[in-house]
1. Criterion first (over 23 Å from K196 (Cα atoms) and either touching a residue at least 60 places away in the same chain (Cβ under 8 Å) or more than 18 Å from the chain's Cα centre (by Cα) (or both)) does P163 satisfy it?
2. Based on what the data block shows, is T115 of a type in the set (S, T, Y) and in contact (Cβ under 8 Å) with a residue 40 or more places away in the chain?
3. Would you check which residues across the stretch 183-193 are open to solvent by less than 60 Å² (accessible area, probe 1.4 Å) and either hydroxyl-bearing (S, T, Y) or closer than 16 Å to M116 by Cα (or both) and list them?
4. Working only within the stretch 97-147, note down all residues that are part of a helix (DSSP H, G or I), within 14 Å of C191 (Cβ to Cβ), open to solvent by 60 Å² or more (accessible area, probe 1.4 Å) and among the charged types (D, E, K, R).
5. Might you check whether a residue that is open to solvent by less than 80 Å² (accessible area, probe 1.4 Å) and free of Cβ contacts under 8 Å to residues at least 12 places away in the same chain occurs anywhere in the stretch 77-87?
Amino acid sequence: MVFFFNLLFLLAGCAIFAIGVWIISSKDEVAGDYSRLTGTINYKTAPILCIVIGIVTVIVAFLACCGALKESQCMLGTYFGLVTAIFCLEVTAIVLAYVYRERIEKNLHGDIRSTMNEYHLSGHDAVTRAIDEIHRDFKCCGNAQYRDWFETKWAKTHPDMVPRSCCKDPSDSKCNENISKDPTKIYRRGCYMFVKKYLSNNLHVISGFGIWIAVIQLMGIIFATCLCCHIRTILSEDYA
């Protein structure tokens, strides 16, 4: 049973490592640019943490599998200590994620507003792509509403306009002009609520995955302890 649970643990570690590598390798894609929208958390550390956690998980799971097959108390003991430490860190991370969720949501409104001021500025192409993608994906415009664009730096050179990505029909070359007179050609709902819901849903998914991994680790710890006790009993009988 120890071998079975840690085989799952090993596969989970490989998956976490692969996710981290994929995010870093796709940093020039829009999917990687979503992290530029908020300043509450440094999301750039997420893929690095995934890679580190994935590597540690694979090593620990490998020790457990070898220890279970060879019935090595040393390997199983090392595994027990490392997994217990990782388990405690994961539980702490899950709890903190929920504790700070309200803080993240509270700061999100201001983060999006400040990010909009970087739209189409030199050296902020990633921000521009991310905002345009959110407009198109969520069919929204601005922060709380489309008029938020009138108060940005971008509006100084584009008066009474919104980005073309706010248009319902981007093929219309004038769909984003004279918005005060005719806003019917653009998405009028703000993006804040959509982004908030998106982040909240992803937090639940990540936390659920973390809980699943933690349960596997806990079962592995229990079975490793039982196996160590069994090995110790056998050795005691042999020396008796």
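1. Values: over 23 Å from K196 (Cα atoms): no; either touching a residue at least 60 places away in the same chain (Cβ under 8 Å) or more than 18 Å from the chain's Cα centre (by Cα) (or both): yes.
Judged against the criteria, P163 is not a match.
2. Details: of a type in the set (S, T, Y): yes; in contact (Cβ under 8 Å) with a residue 40 or more places away in the chain: yes.
For T115, the condition - of a type in the set (S, T, Y) and in contact (Cβ under 8 Å) with a residue 40 or more places away in the chain - is met.
3. Of all residues in the stretch 183-193, those open to solvent by less than 60 Å² (accessible area, probe 1.4 Å) come to 183, 186-187, 190-192.
If the condition is that a residue be open to solvent by less than 60 Å² (accessible area, probe 1.4 Å) and either hydroxyl-bearing (S, T, Y) or closer than 16 Å to M116 by Cα (or both), then Y187, G190, C191, Y192 are the ones that fit.
4. Correct list: R113, R136, D137, R147.
5. Initially, the stretch 77-87 is screened for residues open to solvent by less than 80 Å² (accessible area, probe 1.4 Å), giving 77-79, 81-87.
Imposing the further condition that a residue be free of Cβ contacts under 8 Å to residues at least 12 places away in the same chain reduces the set to 81, 85.
Checking the stretch 77-87: at least one residue is open to solvent by less than 80 Å² (accessible area, probe 1.4 Å) and free of Cβ contacts under 8 Å to residues at least 12 places away in the same chain.
Quick grid of which residues meet (1) under 20 Å from Y119 (Cβ atoms); (2) at pLDDT 95 or above; (3) open to solvent by less than 40 Å² (accessible area, probe 1.4 Å); (4) part of a loop (DSSP other than H, G, I, E, B):
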site	(1), (2), (3), (4)
K156	yes, no, no, no
V162	yes, yes, yes, yes
D169	no, no, no, yes
D172	no, no, no, yes
K181	no, no, no, yes
Y198	yes, no, no, no
N202	no, no, no, no
V205	no, no, no, no
G208	no, no, yes, no
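The values are calculated or read from the model by the stated rules, or taken from the named source; none is laboratory data. Just so it is clear, the structure is predicted and the values come from calculations on it, not from any experiment. So basically every Cβ, Gly included, is an ideal-geometry build from the backbone, and we count neighbours across all protein chains shown. All accessible areas refer to the heavy atoms of the entire protein, side chains included, with ligands and DNA or RNA removed. Shrake-Rupley method; radii C 1.70, N 1.55, O 1.52, S 1.80 Å.
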